[in-house]
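The numbers here are math on the coordinates, done by the rules we state, and not lab data. For clarity, every value in this text was computed on a predicted model and none was experimentally measured. A quick note on method: Cβ atoms are made from the backbone with ideal geometry, for glycine too, and the neighbour counts reach across all protein chains shown.
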Amino acid sequence: MGRVLKSTNAGINWEDKTNNLPNLQVETGQCLAIDPFNPEVIYVGLRPDINEPGGLFKSTNGGESWIRIDSTLRQQDQWMKITSILTDKQKAGRFYVGMSQYNQPYTPQYSNGGLFLTEDYGKNWERVYDGAVFSLYEDYQNPRNVYVNTKFGLLKFLDTLTVTSIYDYSNEEISNTYFLEQNYPNPFNPITTIEYVIPNGVRDLVTLKVYDILGNEVATLVNEYRESGRYKIEFDANSLASGVYIYKLTAGSFVSNRKMLLIK
């Protein structure tokens, strides 16, 4: 059985905070995360059992008391087999929750699991991946890469699901520079935007193509001469399957490509 334990002296002594969880019938803690902005704020995910769904709880006082914050999350996954929680060190109240599948497929009680994102401390949730998630990891890039351990393998995406601003280059900065932007949002479902820059004083034959991870071309977004300037293209991947895709810009002798992740 999983427990919530707390130490205030570098692990010499431990206090059990599990029994402080309200309405606790399923004493099987699955995962725990500490808020990077306040160490007294803790998130705990509980596993379900055959009679009781799992749950997502929050403490604002180091585990002395807990509140349930999964009322809207349960609307998207009734059993909430929570396996992992990943907080955001850049934005308070923003974190991911991963869930695994639960019960037997093709039955009314089956949950498919998934990856869910909240940006308001758990009041609202967005499902960004539909499928079992076993664990979540991050690196130290900015923006960071998020790694999702799923039953289909390891997924990786650049954590730019919420776009707050797009850097606007001045004319001087782009005057002698080709540039291919990272698509946004990324991951996406099914529409994303790709921007690129052709420098001043240039007129080139421009191609912008999309390939699957095996190198097969799946879409041609641009294939024509373009004058200098900034261009924005909307890519609709409604007909494609979930997965990693590569988009490639060719303009004269300039070639650049980036990866993007389609999640349905």
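Under the shape rule built on the C-alpha gyration tensor, where the axes satisfy a ≥ b ≥ c, region 16-110 is oblate, since a/c reaches at least 1.5 while a/b does not exceed b/c. Mean separation of Cα pairs under 8 Å and 6 or more residues apart, divided by the residue count, gives the chain a relative contact order of 10 percent. Loop-located chymotrypsin sites (Phe, Trp or Tyr not before Pro) in region 41-130 (DSSP state other than H, G, I, E, B) with a sparse environment of at most 16 neighbouring Cβ atoms within 10 Å: Tyr106, Tyr110, Tyr121. In loop segments of region 120-153 as defined by DSSP, the trypsin sites (Lys or Arg not before Pro) with at most 12 further C-beta atoms inside 10 Å of their C-beta are Lys123, Lys151. Annotation: aspartates and glutamates with alpha-carbon distance below 17 angstrom to Lys123 (same-chain offsets under eight excluded): Asp35, Asp70, Asp77, Asp88.
In terms of overall dimensions, region 171-262 has a Cα radius of gyration and Dmax of 13.2, 40 angstrom.
In terms of its C-alpha gyration tensor, the chain has a prolate overall shape, because the principal axis ratio a/c (a ≥ b ≥ c, square roots of the eigenvalues) is not below 1.5 and a/b outweighs b/c.
Count Lys and Arg as plus one, Asp and Glu as minus one, and take only other residues whose Cβ is under 15 Å from that of Tyr137; the net charge is then -1.
Here Lys232 is the anchor, and the aspartates and glutamates within straight C-alpha reach of less than 16 Å, apart from those fewer than 8 places off in the same chain, are Asp168, Glu181, Glu195, Glu224. From helices alone, the chain scores -500 deg cm²/dmol at 222 nm; the rule is -39500 (n - 2.57) for each run of n ≥ 4 DSSP H residues, then divide by the residue total.
Let a ≥ b ≥ c be the square roots of the eigenvalues of the Cα gyration tensor of region 205-259; is it rounded (a/c under 1.5), or, if not, prolate (a/b larger than b/c) or oblate? Present the calculation step by step, with values, prior to reporting the outcome.
Details: a/c = 2.38, a/b = 1.71, b/c = 1.40.
Prolate, since a/c reaches 1.5 and a/b exceeds b/c.
When Val44, Val218, Val97, Val128 are arranged by Cβ crowding within 10 Å, least crowded first, meaning fewest neighbours, the order is Val218, Val128, Val44, Val97. Bridging of Lys17 to lysines at a Cα separation below 24 Å is possible for Lys6, Lys58, Lys81, once same-chain residues fewer than 8 apart are set aside. At full extension, Gln78 and Thr207 could sit 41.9 nm farther apart than now, given 0.36 nm per residue minus the alpha carbon distance.
Tell me the net charge near Trp14. Cut-off is 10 Å between Cβ atoms, Trp14 excluded, with +1 for each Lys or Arg and -1 for each Asp or Glu. Charge balance near Trp14 sits at +1.
Computed from backbone phi, the HN-Hα couplings of region 255-260 come to 9, 8, 9, 9, 9, 9 Hz, rounded to whole numbers (Karplus: 6.51 cos²θ - 1.76 cosθ + 1.60, θ = phi - 60°; Gly and Pro given as x).
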